[in-house]
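The structure appears right after this line, and notes come after that.
Each reported figure results from applying straightforward, stated rules to the coordinates on display, with no laboratory input. Note that the coordinates shown come from a computational prediction; the quantities given were computed from them, not determined experimentally.
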Amino acid sequence: MARAKRHYIPGQVWHLTHRCHKRDFLLKLKMDRRNWVQWLYAAKKRYGLVILNYCVTSNHIHLLVQDAGKRDVIPRSLQLIAGRTGEEYNMRKKRKGAFGEDRYHSTAVETEQHLLRCLVYIDCKMVRAGVVAHPSEWPFCGYNEIQMPKRKSVLIDYQKLAKLTGFASYSTFRETHKELVNESVTNRTFGRQPGWSESVAVGSRSFVETIHSKFGFRGKGRKVLKHDIGFQLREKHRTYNVEYDGRNEDIGSINTSEWDVNFE
């Protein structure tokens, strides 16, 4: 059955969260997290997905991307990554059934300072979970590549990341990024901030109100609220908990993606 049509707002930076089917720990093994990252690279090569950061946990993922103007790139990419990772997992485990939940949650993030804060939030995901002491110790996230850019098998769009965060050069961005992550780890300011994965949009009041207006009639019931991380466009219902590594954390509103795209 085709999925319901979803509203598409072009040209935005999106923080995506997608959980494993029924909150199962289907990504608990290194080989499966590694496969997910490899298929992320394949999505970049195949569809032109613009990747800014990512983190793979035991039962859900975080992905920060920029829409490049083609409405089907992001949903097709998520379909490819989850689908192929799931196929390989099911074949190895002799398992049947879906690997990922039917839908993912998407949050529009304003560029520059809000984007920089979202980057740090994603980087510190597994520190927050108590799995590692520093993001550099978790190989299934974008932190190490951001700090030590690759020449081959590049995932992160370095120059676009620097530009979108408001820096004139990548080296300046990289130093600032490193300082902010270290500061967050040292001062333990990496606590859970649900707005990054439960809101429809995060940023300044003008940014959030603009996103709200672009939803048109689909914006009904969504409220612009002020929170610690900035203004947010929120829904009052449809949140869920995600379990991982002995902890519980909300990561989004029932995987609701606002994309006007149909695909099988």
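Which of the pairs 96/125; 22/94; 22/93; 22/152; 22/125 have their Cα atoms more than 28 Å apart in this structure?
Values: 96/125 30 Å; 22/94 18 Å; 22/93 17 Å; 22/152 36 Å; 22/125 21 Å.
Listed pairs above 28 Å: 96/125; 22/152.
With θ taken as phi - 60° and the coefficients 6.51, -1.76 and 1.60, list the Karplus ³J(HN,Hα) couplings across segment 80-96 in order, rounded to whole Hz; mark glycine and proline as x.
Karplus-based 3J(HN,Hα) across segment 80-96 equals 4, 4, 5, x, 6, 4, x, 4, 5, 5, 4, 5, 5, 8, 6, 10, 10 Hz.
Can you give me the long-range amide H partners of residue 227? Hydrogens built in the peptide plane at 1.01 Å from N, cutoff under 5 Å, separation of 5 or more residues or another chain.
232
For the cross-link pairs 45/163; 30/214; 70/150; 160/223, which exceed 29 Å when the distance is taken from alpha carbon to alpha carbon?
Details: 45/163 22 Å; 30/214 40 Å; 70/150 26 Å; 160/223 31 Å.
In this structure, 30/214; 160/223 lie more than 29 Å apart at Cα.
Extension gain residue 223-residue 175, at 0.36 nm per residue separation less the Cα-Cα distance, in nm? Don't jump to the answer; show the numbers that get you there.
Details: separation 48, 0.36 × 48 = 17.28 nm, distance 3.61 nm.
So the chain would gain 13.7 nm between residue 223 and residue 175.
For segment 98-106, just list the computed ³J(HN,Hα) in residue order, Karplus coefficients 6.51, -1.76 and 1.60, θ = phi - 60°, integers in Hz, with x standing in for Gly and Pro.
For segment 98-106, the Karplus curve yields 5, 9, x, 4, 4, 10, 10, 9, 10 Hz.
Let me check I have the definition right: for segment 13-252, take the eigenvalues of the Cα gyration tensor, multiply each by 5, take square roots. What are those semi-axes in whole Å, largest first?
Values: eigenvalues 125, 98, 70 Å².
Each semi-axis is √(5λ); the values are 25, 22, 19 Å.
Under a 5 Å amide H to amide H cut-off, with H placed in plane at 1.01 Å, what residues pair with residue 201 once short-range neighbours are removed?
Residues meeting the criterion, in which the H sits 1.01 Å from N, are 108, 233.
Just to check I understand the Karplus step: with θ = phi - 60° and J = 6.51 cos²θ - 1.76 cosθ + 1.60, what whole-Hz values come out for segment 160-176, glycine and proline as x?
5, 4, 4, 5, 5, 8, x, 9, 6, 9, 5, 4, 5, 4, 4, 5, 5
By the gyration tensor of its Cα atoms, with a ≥ b ≥ c the square roots of the eigenvalues, what is the shape of segment 1-134: rounded for a/c under 1.5, prolate for a/b over b/c, or oblate? Spell out each step's value before the answer.
Numbers: a/c = 1.81, a/b = 1.15, b/c = 1.57.
Oblate, because a/c is 1.5 or more while a/b does not exceed b/c.
Considering the alpha-carbon set of segment 41-92 alone, what are its Rg and its Dmax in angstrom?
Rg then Dmax for segment 41-92, in Å: 11.6, 37.
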